[in-house]
Amino acid sequence: MAEKTPSFPIKDWSEDDRPREKLLQKGKEALSDAELVAILIGSGSRNESAVDLCKRILASTGNNLNALGKMSVKQLTAFKGIGEAKAISIVAALELGRRRRQENALERKKIASSKSVFELMQPIIGELSHEEFWVLFLNNGNQVIAKNQMSKGGMTDTLVDVRLVMKMALEVGAIALILAHNHPSGALKPSDADILLTKKLKIAANSMDIRLLDHLIVTENAYFSFADEGMI
């Protein structure tokens, strides 16, 4: 039988090094990212504390929590000291954080600018590894009365049924539409297909006295607005 690998439980650390106690005494803001993740995993490995292990994992992502949130259980278990249970804890915690950001964004329902569309849609599609196309349906006060994922594609393209978009607009009584889709590659330049689809949807919307206000291409950290660029 293989010898069990000892670890460094947090309870055995010196009091100053215990992130749980530090959180209780000084508040959650006082903890580093590595210390917060260390609380999730509870212990390190034979030669590495939980905090040092988490520092190493974070370093592999450039200390970027968004990048950490994209890591799979398989990728995390490649680090010595991270078993499946610890990896699942990290993935679940980061997913809760993403959903919290999404809910916060959904509270801002009135669209005032392309930036407000980006703030609404980035938590939903900005970090996906595949392309999705969404439509925001607005009333005459520029408030979002519905939002729908119209298609889900691969890394480079996706298909949108213009007739279905118009059908939904009529069903919810929309006065205006805003289109949004993500580019997993991070490229902000609209493709020929993006431009053609925008034109088709604008023509269809105009025929029903519905305004097409904008089309955003969303990436993790930035966006491209057709309206801002005078392309609507």
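Listed values, structure above:
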item	result
Tally, over the range 89-113, of residues that are among the polar types (S, T, N, Q) and at pLDDT 80 or above	2
Any pair with Cβ under 8 angstrom, 6 or more apart, that starts in the range 163-177 at a residue that is within 14 Å of Ser151 (Cβ to Cβ) and ends at one that is assigned to a loop (DSSP other than H, G, I, E, B)	Met168/Ala174
Selection count where residues are polar (S, T, N, Q), part of a loop (DSSP other than H, G, I, E, B) and free of Cβ contacts under 8 Å to residues at least 24 places away in the same chain, scope the range 35-88	5
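Conditions tested, residue by residue: (1) within 17 Å of Thr198 (Cα to Cα); (2) out of contact with any helix residue (DSSP H, G or I) (no Cβ under 6 Å at 6 or more places or on another chain).
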position	(1), (2)
Ser116	no, yes
Met121	no, yes
Ile125	no, yes
Leu128	no, yes
Glu132	yes, no
Phe137	yes, no
Asn140	no, yes
Ile145	no, no
Val165	yes, yes
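The values are calculated or read from the model by the stated rules, or taken from the named source; none is laboratory data. Nothing here was measured: the structure is a model prediction, and the numbers come from that model. Note that we place each Cβ from the backbone using ideal geometry, even for glycine, and neighbour counts take in every protein chain shown.
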